[in-house]
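J.: One structure is given below, represented as structure tokens, and several questions about it will come after.
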Amino acid sequence: MTATAEPQSALVEESAPTTRCRILAAAERFFREIGYQKTTVADIAKTLRMSPANVYRFFESKKAIHEAVIKRLMDDTEQRVAQAAAAPDRTAAARTAGGVTVMHQACVERCEANPRLHEMVEAAITESWDVCRAHVDQIGSVLRELVQAGVAAGEFDVADPSTAAACIHTAVIR
């Protein structure tokens, strides 16, 4: 009897990432179209032809779905910033400016193309969701590394690179 139970649980585990991705894609589509506050788990489930209870097997709450969608957006921004910061043929100052420009472009793109999705990002940042804190920490880390590289290369004259990076980050957030 356990031989039959093991393959079934393996099937659930194998389908879990695909189902999670489908749930996130449907949720993101609804968030873009009608907004995250108006979207219900029932809406997402209905689109995927599953029950709301099944959605809750993959996400513990509606907020967990919100955070997962936000994480996807923020991961994209983080990757773009990391690419700009890693440009080997540019100075630390140019890489810092490139990172700031990329953050700005990502925000403008999101605002213009998906204003309802951007509302959710604003709420997440205002309410300090865990995923946002992690994003802020990641971007802060990249900026800190850039400032430290600039100090090491003699481009920046700052006493405390961490404070300088925090000031850059604070200026950019607004």
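J.: To the nearest 10 degrees, how steep is helix 92-113 against the longest Cα principal axis of the chain, on a 0 to 90 scale?
T.: So the inclination is approximately 40 degrees.
J.: Okay, moving on. Counting heavy atoms of the protein chains only and a 1.4 Å probe, report the per residue accessible area for the chain as a whole number of Å².
T.: 59
J.: Enter the accessible area of Lys62 (Å², nearest 10), with the probe set to 1.4 Å and all protein chains included.
T.: So the heavy atoms of Lys62 present about 60 Å² to solvent.
J.: Follow-up. Give the relative contact order (percent, whole number) for the chain; include only Cα pairs under 8 Å separated by 6+ residues.
T.: 20
J.: Going by Cα centres, the range 27-72 and the range 122-171 are how many Å apart?
T.: Here the two parts' Cα centres lie 32 Å apart.
J.: Summing -39500 (n - 2.57) over the DSSP H runs of n ≥ 4 in the chain and dividing by its residue number, what mean residue ellipticity at 222 nm do you reach, to the nearest 500 deg cm²/dmol?
T.: Here the helix-only value at 222 nm equals -27500 deg cm²/dmol.
J.: Two decimals is fine: what's Rg over Rh for the range 23-62, C-alpha atoms, Kirkwood radius as Rh?
T.: With Rh from the inverse mean 1/r over Cα pairs, Rg/Rh is 0.92.
J.: As I understand it, the value is the acute angle between the Cα axis of helix 130-152 and the longest principal axis of the Cα atoms of the chain; what does it come to in degrees, rounded to 10?
T.: Here the helix axis deviates by roughly 30 degrees.
J.: When the distances between all Cα atoms of the range 63-154 are binned every 5 Å from zero, what whole-number percent does each bin get?
T.: 3, 14, 23, 22, 16, 11, 7, 3, 1, 0
J.: By how many degrees, between 0 and 90 and to the nearest 10, does the Cα long axis of helix 2-34 differ from the longest principal axis of the chain?
T.: Long axis of 2-34 versus the principal axis of the chain: about 60 degrees.
J.: Could I ask something else about it? Take the eigenvalues of the Cα gyration tensor for the chain, scale each by 5, and report the square roots as semi-axes in whole Å, largest first.
T.: They are 39, 20, 13 Å, listed from largest to smallest.
The values are calculated or read from the model by the stated rules, or taken from the named source; none is laboratory data. Computed from a predicted structure; not experimentally measured. Each accessible area value is taken on the protein alone, full model and side chains, heavy atoms only, with ligands, DNA and RNA left out. Shrake-Rupley method; radii C 1.70, N 1.55, O 1.52, S 1.80 Å.
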